[in-house]
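These notes concern the structure reproduced below.
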Amino acid sequence: MTDAQAIDALGWERRTFPPSEAFKQNALVSDTSMYDDGAADYEGFWARQAADLLTWSKDWTTTCDWKLPAAQWFVGGELNVSYNCLDRHVLAGRGDKVAFHFEGEPGDTRTITYADLLDETQRFANVLKSLGIVKGDRVNIYMPMIPEAAIAMLACARIGAAHSVVFGGFSALSLTDRINDAEAKLLITADGGWRRGEVFPLKQTADEALLHTPTITDVVVVRRGGNEVSMQDGRDHWYHELMATADPVCPAEPMDSEQLLFLLYTSGTTGRPKGIMHTSGGYLTQVAFTHKYVFDLHPETDVFWCTADVGWITGHSYIVYGPLANGATQVMYEGVPNFPGNDRMWQIIEKYGVTIFYTAPTAIRTFMKWGAQEPAKHDLSSVRLLGSVGEPINPEAWMWYQEHIGGGRCPVVDTWWQTETGAIMISPLPGATTTKPGSATFALPGIGTELVDENGEHVEHGGGYLTLTQPWPAMLRGIWGDPERYHETYWTRFPGRYFAGDGAKLDDDGYLWLLGRVDDVMNVSGHRISTTEVESALVSHPAVAEAAVVGANDPTTGQAIIAYVTLRGGAEVDEQVLRNHVGTEIGSIAKPKAIYFTPDLPKTRSGKIMRRLLRDVAEGRNLGDTTTLADASVVSELQRRASEVPPED
Ligand code: 7RM
């Protein structure tokens, strides 16, 4: 190990899965020529995609104008994002094609065609106009997972207003902050939504937020939960009442390629949330491209289901903009995966004949915990491709997914990207790439990545910092209201390149393995160990469903490895056995000093493990901000256990 090495690489996974002949036969991409195209001239490559995948009202004059850290794509070009997602499909005679099979948590369903979606979007765009919203305004959206969330976003896009969606699980305070930072004029919300068999009150929370939001003049409320709400005269309007009298025609107006499409706030590790800015032409090009080729989309026959919430970037890019631009048929599901039973997801796949399923490792590990008998209750033979996003996927979770959901016949695409990147950056192309369980494999065509050490020097093999070396069409255009912070956060750690905090390692075959946030890397006796590798070693034990690992201050080793482990349903295992298992898998330096068993791990509402909190628990500190936790009781339970079982020496 050299001093400059960023992260030690410990485990090496050797299983490989080439695409099957059967899959290759119908795949959109089954060789590597697209990578050569992207490498020869990335601007030309993206220009060809933009022309091929989208309909432009006016051609661009410059493909990419790049003055670090500011990029503009398809400069001078004009298009309307909602036209690309709706009108052109209807005009081509595909108005009767299903856009969304909506499944409410209580079991109610709606079938929404492209013609329906266009009609509702036009009406709602006129509603927005009647409430005084004009091009350039910001509109906040705080909604459950219902079709009106997508309609609201598309209506904003249609008239050139930027939306800022705040996930429906966020608190009143978070909503207030985000509305005020964006200076939004309008809030679109719902009375409530369904979650775990009950209605959660959104309007009530919004009302609390609205006590401190001077820029909001109007509120539109969709009726969904049926719960009682108070409506403020002059400010609050029912969606269905406004829609009943709205003009049904709202022509899509061409927008500049760099027109602001949306803000999406990410909390980051420190400081106030950042309003990540995404614009129109470049963003839509890359989400359409990645949705088509990473998921090998055959829009005539595929049924695509991304389980994210529209409140996250994954929902923006792979429920709303990518799939609709490509004319896909999708499933949209409102609720939790275990209502009324632990097999709800598999029941939905069977019911709608889902062919492409895209979910998060945290969900997969939860499914493992619930057991393989749940998917086995249903016919999942329609599924032909599986995707993963949001966290490193442990090889064992990948294998379980491939076997129990994919029936051993489906490629698994592990897709790495961020709110800031807007679209998938690193992923297999399922008909061309031999996958390895746990590896996101290679940068997509037209994307430049490089692994570097502390000093920004190239890393050929082993661990390092993941950087992006050239602009890409869906890249963030900045942080709303704070250009300085944008430059500082992403473009200064390694001059000339983008770095947003992830570590990775490269194996002998040049495969990339994501190792989690570099802030989480532990330092044990001078060894820089990633939490991901120790977690994957733990999850590779048959008794373990999920593990979270943190480094806690230690007088002798600097940091000591502390593990929190959730077992698979019905399994039991001794702490010492697991410690030795890690030793055998990746080496004794990585053996946890203490292992705590827990039925649950603290996670953000988008499902990412909150290691910062576990570090606080392990070091006996008072807990900092816990408001972004999905379930706050998990942490108090862990604290109770930590105080009962002192870590041994
Ligand atoms: C899409 C999304 C971004 C962070 C990112 C990583 C982690 C996402 C993967 C992953 C390993 C993956 N946007 N991450 N995907 N880590 N493998 N396939 O999640 O802005 O919410 O989060 O998520 O740390 O930097 S996000």
- For segment 163-174, which residues satisfy the criterion of being within 20 Å of the chain's Cα centre (by Cα) and among the aliphatic types (A, V, I, L, M)? V165, V166
- Query: In this structure, is F295 under 30 Å from S30 (Cβ atoms), open to solvent by less than 20 Å² (accessible area, probe 1.4 Å), within 16 Å of the ligand (Cβ to nearest atom) and in contact (Cβ under 8 Å) with a residue 60 or more places away in the chain?
  - Reply: yes
- Inspect all residues belonging to segment 474-496 and state whether any of them is within 15 Å of the ligand (Cβ to nearest atom), open to solvent by 20 Å² or more (accessible area, probe 1.4 Å) and among the hydroxyl-bearing types (S, T, Y). yes
- Identify the single condition in (1) in contact with a Pro (Cβ under 7 Å, 6 or more places away or on another chain); (2) at pLDDT below 95 that A563 does not satisfy, given that it satisfies every other one. (2)
- Is it true that G438 is closer than 27 Å to V534 by Cα, open to solvent by less than 20 Å² (accessible area, probe 1.4 Å) and in contact (Cβ under 8 Å) with a residue 12 or more places away in the chain? yes
- Task: Among what's in segment 219-235 and is part of a loop (DSSP other than H, G, I, E, B) and under 10 Å from A190 (Cβ atoms), pick the residue that is least open to solvent (accessible area, probe 1.4 Å).
- Result: G225
- Task: Could you list, in sequence order, all residues of segment 337-379 that are within 16 Å of the ligand (Cβ to nearest atom) and outside any helix (DSSP H, G or I)?
- Result: F357, Y358, T359, A360
- Answer yes or no as to whether E457 is over 27 Å from S388 (Cβ atoms) and open to solvent by 30 Å² or more (accessible area, probe 1.4 Å). yes
- Query: What number of residues in segment 576-589 are buried (at least 16 other Cβ atoms within 10 Å of the Cβ) and either within 16 Å of the ligand (Cβ to nearest atom) or at pLDDT below 95 (or both)?
  - Reply: 4
- Flag if A22 is under 25 Å from C156 (Cα atoms) and of a type in the set (A, V, I, L, M): no
- Would you mind stating whether R579 is under 21 Å from F170 (Cα atoms) and not hydroxyl-bearing (S, T, Y)? no
- Query: Picking from P437, P445, which residue would you name as being within 16 Å of the ligand (Cβ to nearest atom) and in a loop (DSSP other than H, G, I, E, B)?
  - Reply: P437
- Do you know which residues across segment 388-414 are open to solvent by less than 30 Å² (accessible area, probe 1.4 Å), in a loop (DSSP other than H, G, I, E, B) and within 7 Å of the ligand (Cβ to nearest atom)? V389, E391, I393
- Message: Take T362 and tell me if it is touching a residue at least 24 places away in the same chain (Cβ under 8 Å) and either closer than 18 Å to P430 by Cβ or of a type in the set (D, E) (or both).
- Response: no
- Query: Name the pairs whose Cβ atoms lie under 6 Å apart, with the first residue in segment 539-559 and in contact (Cβ under 8 Å) with a residue 12 or more places away in the chain, the second surrounded by fewer than 17 Cβ atoms within 10 Å (Cβ to Cβ) and assigned to a loop (DSSP other than H, G, I, E, B), and 6 or more positions between them or separate chains?
  - Reply: A543/A571; A552/E619; N553/E619; T557/S525
- Item | Residues (open to solvent by 40 Å² or more (accessible area, probe 1.4 Å), in a helix (DSSP H, G or I) and either among the hydrophobic types (A, V, I, L, M, F, W, C) or on the phi < 0 side of the Ramachandran plot (or both)) located in segment 67-114 | Y83, R88, V90, L91, A92, R94
- Query: Is it the case that segment 415-429 has a residue that's crowded, with 21+ Cβ neighbours inside 10 Å and more than 13 Å from the ligand (Cβ to nearest atom)?
  - Reply: yes
- Give segment 348-377 a look and list any residue that's open to solvent by 40 Å² or more (accessible area, probe 1.4 Å) and of a type in the set (G, A, S), or say none. A376
- Evaluate segment 295-308: report whether one residue or more is modelled with pLDDT of 95 or more, more than 21 Å from R110 (Cβ to Cβ) and acidic (D, E). yes
- Message: Can you go through K203, K274 and tell me which one is crowded, with 21+ Cβ neighbours inside 10 Å and within 30 Å of V518 (Cα to Cα)?
- Response: K274
- Message: I'm trying to understand the selection: among the residues of segment 308-335, which are open to solvent by 10 Å² or more (accessible area, probe 1.4 Å), assigned to a loop (DSSP other than H, G, I, E, B) and more than 13 Å from the ligand (Cβ to nearest atom)?
- Response: N326, E334, G335
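The values are calculated or read from the model by the stated rules, or taken from the named source; none is laboratory data. No experiment lies behind these values; they were computed from the predicted model shown. For neighbour counting, all protein chains shown are included, and Cβ atoms are generated from backbone atoms with ideal geometry for every residue, glycine included. For the accessible areas, the whole protein counts, side chains as well, though only heavy atoms, and no ligand, DNA or RNA atoms are used. Shrake-Rupley method; radii C 1.70, N 1.55, O 1.52, S 1.80 Å.
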